[in-house]
Amino acid sequence: MNVFHEYARYYDLLYRDKDYSGETQFIHQLIQAHAPHAKSLLDLGCGTGAHATLLAKAGYQVRGVDLSQEMLQKANERRLQLASVLSSKLCFSQGDIRQIRLNQTFDVVLSLFHVISYQTTNADLLAAFQTVKEHLKPGGVFIFDVWYGPAVLSDRPTVRVKRLEDEETLVTRIAEPVMHPNENLVDVKYQIFIKQKYGNTVQELYETHRMRYLFQPEIELLLRCAALELIDCGEWMSKQTPGFNSWGVYFIARGGGR
């Protein structure tokens, strides 16, 4: 499965309407509520570094990790545009969140924008949670969000079309879902058309993103297997109790002593 390869070149354009600023403020509030003295953050699955950069601006020292070299190139380009004082608060590394070991611990580990739902098997999830455990300081917290199972099954994914453009490029993305109920998986098949406005050329890309939708009892069990304790969860951005309409739900776990 080829995920975030050519697609990475147009990722920021496709998500230019995403409220990164509002989400960063929301994450900051969660950190202040559960780890008020936190200074160091590990962002697993950092993508192009949008959240990481805003969190650095909020005063945190941020280490970002991503599997995609193309996404990390965008993240480093973003970092190099910052003033040196702010740039020094950011560091990006290539790695698989199921395996990477940085020989460093952090006050908070983050995994945002459904990165955990990209861990599609129980073994993948356990490995990712073990990575979190290995990189958390005693008493540190882990904040992540997922596709929430009750909502996915109640409001099933449908074909969606998204169009966005900038001064040079027009992007059209068609997302066609295929559900696998016995594995709790959805294959999101993306067909992406990129039109260059001034060359009148059109490029066509295909990617399949396999996503795991998750339920609170299994998350609690898998976290416990990694010696992490679930301490809070809520609907993303609203903090309301998750329900059948809550596609995005955040979970917060605390690590114990070593």
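For the range 39-46, check the following and say yes or no: at least one residue is more than 17 Å from the chain's Cα centre (by Cα) and more than 15 Å from Tyr250 (Cβ to Cβ). Yes, that holds for at least one residue.
Among residues of the range 28-44 being more than 17 Å from Gln104 (Cα to Cα) and small (Gly, Ala, Ser), the one that is surrounded by the most Cβ atoms within 10 Å (Cβ to Cβ) is Ala35. Applying the condition of being of a type outside the set (A, V, I, L, M, F, W, C) and in contact with a Phe, Trp or Tyr (Cβ under 7 Å, 6 or more places away or on another chain) to the range 30-46 and asking which residue is nearest to Ala8 (Cα to Cα) yields Ser40.
Leu55 falls short on exactly one of the conditions (1) touching a residue at least 60 places away in the same chain (Cβ under 8 Å); (2) crowded, with 18+ Cβ neighbours inside 10 Å, and that condition is (1). For Gln119, the conditions (1) surrounded by fewer than 22 Cβ atoms within 10 Å (Cβ to Cβ); (2) closer than 23 Å to Trp247 by Cα are fulfilled apart from (1). Across the range 193-220, the number of residues qualifying as under 27 Å from Glu23 (Cα atoms) and free of Cβ contacts under 8 Å to residues at least 24 places away in the same chain comes to 3.
Scan the range 25-57 for residues that are part of a loop (DSSP other than H, G, I, E, B) and small (Gly, Ala, Ser) and the total you get is 5. Answer with yes or no whether Cys46 is assigned by TED's automatic domain parsing to the domain that holds Glu229, modelled with pLDDT of 95 or more and closer than 19 Å to Glu23 by Cα. Judged against the criteria, Cys46 is a match. Residues in the range 5-24 that are in a helix (DSSP H, G or I), surrounded by 14 or more Cβ atoms within 10 Å (Cβ to Cβ) and touching a helix residue (DSSP H, G or I) at 6+ places or on another chain (Cβ under 9 Å): Glu6, Tyr7, Ala8, Arg9, Tyr11, Asp12, Leu14, Tyr20, Glu23, Thr24. Of all residues in the range 40-60, those being polar (S, T, N, Q) and touching a helix residue (DSSP H, G or I) at 6+ places or on another chain (Cβ under 7 Å) number 2.
From the list Arg160, Arg98, Arg63, the one residue that fits, being of a type outside the set (Asp, Glu), at pLDDT 95 or above and in contact with a helix residue (DSSP H, G or I) (Cβ under 8 Å, 6 or more places away or on another chain), is Arg98.
The values are calculated or read from the model by the stated rules, or taken from the named source; none is laboratory data. This structure is a prediction, so every number in the text was calculated from the model and none was measured. Neighbour counts are summed over all protein chains in view; Cβ atoms, including those assigned to glycine, are modelled from backbone coordinates with ideal geometry.
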